[in-house]
Amino acid sequence: MAELITYRDAVARGLAQEMRRDPSVFFIGEDVAAAGGVFKATKGLLEEFGPDRVRDTPISEEAILGAAMGAAMTGLKPVAEIMFSDFLATCWDLVAVEIPKTRYMTDGQVTMPLVIRTANGGGLRFGAQHSQAVENWAMAIPGLKVVAPSNPRDVIGLLAAAIRDPDPVMFFEQKSLYPSKGEVPDGEIVDELGVATTVRSGTDVTIVALASMVPRAVAAAEELDEIGISAEVIDLRSLVPLDTATVIESVKRTSRLVTVEENPRLVGWGAEIVSIVAEECFWHLDGPLTRVTTPHIPLPSADALEDEFLPSVERIVEAAQKVVQ
Amino acid sequence: MSVTEIAEPTEDTSPEEQVWLGLYRQIFRIRSFEERAYRLFMEGLVKGTSHLSLGQEAIAAGFGEAMREDDYTFATYRGHAHTLARGTPMAGVMGELLGRANGVCGGKGGSMHLTSVEHGAMGSYAIIGAHLPIANGAAWSAQVRGTGQVTVCFFGDGTTNIGAFHEALNLAKVWNLPVVFVCENNLYMEYTPIGDVTAVEHPAADRASAYGLESIIVDGNDPDAVCEVATTAIERARDGGGPSLIEAKTYRHGGHSRADPGQYRPDEEVAEWLSRDPVPTYRERLLSRGVAEDVLTGIEVEAAADVDAATEAAKAAPPPAIEAAYTNLWADGGASWRN
């Protein structure tokens, strides 16, 4: 059996699945308990698990991640919410300097089984300080695992995998996807980190996407089909660990690559994929490696401007057509 | 016969005297270790930087004596003293300073990141303020696990002006966490007098009321006073009474780090604090309380021998294997990011 649920409800279901299974999982953040989250993605958790395990915090991002880190070092498996991924900048010391390095610096004396959930990306007209896609920031830090699901089923499966993982995981939920719906099977869902999904098979070009760019890449592939171009779409699902094998195997067959990301142009994750493919399957290529990104500007808020900013289906189609020609 | 046995108190030593001797042993061991670390730095054997606790030994010692074996310590980059005070073997600490394979962190941490989890030394953190929120996390964990463990978090006066200090104190109070925050006020924020850059006279104690906490100041050069205030705060935390913030007044004998000769400090100020050096003053106090001098000498001989042995062990240890650079990033022991 399966049911149709939203990406938003999948977050609460994934957390509840793991909290029922493991009493050492705790969940903290701003407005997450009584209010059920500003995106209502954690509704019902306080009622089921009580105020000891589902805790509201002050607006103190360093205190939130510090609490998660110290607890992870001493036997708990905390999940901490940073309401908007833009706010990671206020606690970047914890994200980039403390949490990912402490296991290594102590030569393995501590483990850091924690998850940082955060609402990431644009599309909701929130403007430049509540809309950034910053998964590439996290990808740049050795010691962080980086996950970004594209659909409700993967939200549950990847969140479960992140919570069960003994290392720190940054879990980027794309906020424009919260109302989107998808089929989710009954029962426990647990995935493996570092396994990409081939969402659609094709033979002419490989399109690699993540989170909200996956449905757009699929829509682009359907349009390409109508003009006689067969596109394969890969949903990376996690940036660290990175499933390079799936990407390389696909590009060796299609001989062409387009990456689609929400990051600004400079040093977005697509650049890393392009670099790996250039180094490792250069002699299989029949077209230029191409990135579709946002322009290198802060994200504007007006409908017309934000729509221009985010990679559109049309831009993906154009990029694919160009590399196939 | 090992040197350790020389210094053991005899059967008729009173419990009170055992505490005094424990404190003296700690401050003398830390002093001896730090003097050796300084010498090895000057000889080029300790690389990078080092921040010594010379003059500030009584704080780490007083708390170390008051803590239970399974309590947690969080320290700063000036953390040799606090790591040793939890019973971490000197050889491992010295090896870490020298970048050797026998170091407590296998040579991956260095002077500023000493950690020995098995002794409750949960890390030395080199970003000002970072570890106060992390200490809260360990305290929260102990609270929900119901273990009765208390977390003690040491930091300098400069930390009281960074945001993480305020976020951590607020959350600790709101969640009633079993944590004791200890500000070692050595009067200088790196090279700058703390009074020149702080809105209040007592950088920690004057902020306590903002978080619903009692204002507590202790003479950080007096091991007995520190141990007493530590015992009270730790027991209160253990009994569910919540957090404390303690400001311990003290003084660095040297500069901020090895790059700093500390010449910005007035001569009279230095002279006055040197006259209150915790090691000789506590020795005098114990003698005046009737402690036999040969017992103290035994402690001193033992400490000197331990420092010599630790130095020899560290010098004899090999550098870390090159392969170690690629281990222990992840819990699976490796550092791989792709398939």
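The values are calculated or read from the model by the stated rules, or taken from the named source; none is laboratory data. Everything numeric in this text was worked out from a predicted model, so none of it was measured. Heads up, the Cβs are rebuilt from the backbone with ideal geometry, glycines too, and the neighbour counts pull from every protein chain shown. Keep in mind that these areas ignore ligands, DNA and RNA; they rest on the heavy atoms of the full protein, side chains included. Shrake-Rupley method; radii C 1.70, N 1.55, O 1.52, S 1.80 Å.
At-a-glance table
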| read-out | value |
| --- | --- |
| Charged-residue dipole, Cβ positions (Lys, Arg, Asp, Glu), chain A about Cα centre, Debye nearest 20 | 300 |
| 5 angstrom amide H check on A:V240, placed H, neighbours 5+ away | A:V146 |
| Shielded residues, the stretch A:72-98 - accessible-area loss of 30 Å² or more between chain alone and all protein chains, probe 1.4 Å | A:M73, A:T74, A:L76, A:D93, A:E98 |
| Whether chain B is rounded, prolate or oblate, judged on the alpha carbon gyration tensor where a/c under 1.5 counts as rounded | rounded |
| Threshold 50 Å², the stretch B:150-192 residues less accessible with all protein chains present than alone (1.4 Å probe) | B:E167, B:L171, B:W175 |
| Percent of Cα pairs exceeding the 27 Å cut-off, where the set is the stretch A:2-185 | 19 |
| Estimated [θ] at 222 nm from DSSP helical runs (n ≥ 4, -39500 (n - 2.57)) normalised by residues in chain B, nearest 500 | -13500 deg cm²/dmol |
| Share, in percent, of DSSP beta bridges within the protein assembly as shown that are antiparallel, nearest 5 | 20 |
| Test item: Cα-centred dipole of the protein assembly as shown, Lys/Arg +1 and Asp/Glu -1 on Cβ, debye | 1080 |
| Cα shape, the stretch B:220-337, gyration tensor, a/c 1.5 rule | prolate |
| FRET efficiency for A:D303 and A:A278, using Cβ-Cβ distance with R0 set to 35 Å, rounded to 0.05 | 0.45 |
| Lys/Arg +1, Asp/Glu -1 at C-beta; the protein assembly as shown dipole; positive extreme among B:Y188, B:V307, A:N151 | A:N151 |
| Positive-end residue of A:G29, A:F172, A:T111, charge dipole of chain A with Cβ unit charges | A:T111 |
| Size of the protein assembly as shown as Cα extents on the principal axes (Å, biggest first) | 98, 53, 47 |
| Residue-normalised accessible area of the stretch A:197-324, given per residue in Å² at a 1.4 Å probe | 41 |
| Over 29 Å between alpha carbons, listed pairs A:K145/B:K108; A:K101/B:K315; A:K145/B:K315; A:K77/A:K252; A:K175/B:K108 | A:K145/B:K315; A:K77/A:K252; A:K175/B:K108 |
| FRET efficiency for B:D70 and A:L124, using Cβ-Cβ distance with R0 set to 60 Å, rounded to 0.05 | 0.80 |
| Accessible surface of the protein assembly as shown [probe 1.4 Å, protein heavy atoms]: carbon and sulfur percent | 53 |
| Long-range amide H partners of B:G123 with built H, under 5 Å | B:A75, B:S116 |
| Cα gyration tensor, the stretch A:1-54 - rounded (a/c under 1.5), prolate or oblate | oblate |
| Residues with amide H under 5 Å from that of A:G29, placed H, sequence gap 5 or more | A:R55, A:T57, A:E81 |
| A/B buried area, accessible surface, summed, 1.4 Å probe, Å² | 3700 |
| For the stretch A:197-324, with +1 on Lys and Arg beta carbons and -1 on Asp and Glu, the positive-most of A:A245, A:V317, A:T259 along the dipole | A:A245 |
| Solvent-accessible area per residue, Å², over the stretch A:2-185 with all protein chains present [probe radius 1.4 Å] | 29 |
| Interface residues in the stretch A:38-57 - accessible area drops by 40 Å² or more relative to the isolated chain, probe 1.4 Å | A:R55 |
| Net charge dipole size for the stretch A:2-185 [Lys, Arg +1 and Asp, Glu -1 on Cβ; Debye, nearest 20] | 360 |
| Mean separation of Cα contacts under 8 Å, 6 or more apart, over the residue count of the stretch B:45-114: relative contact order % | 32 |
| 15 Å beta-carbon shell around A:A34, net charge (K/R +1, D/E -1) | -3 |
| Per residue, in Å², the accessible surface of chain B once ligands and nucleic acids are set aside, probe 1.4 Å | 38 |
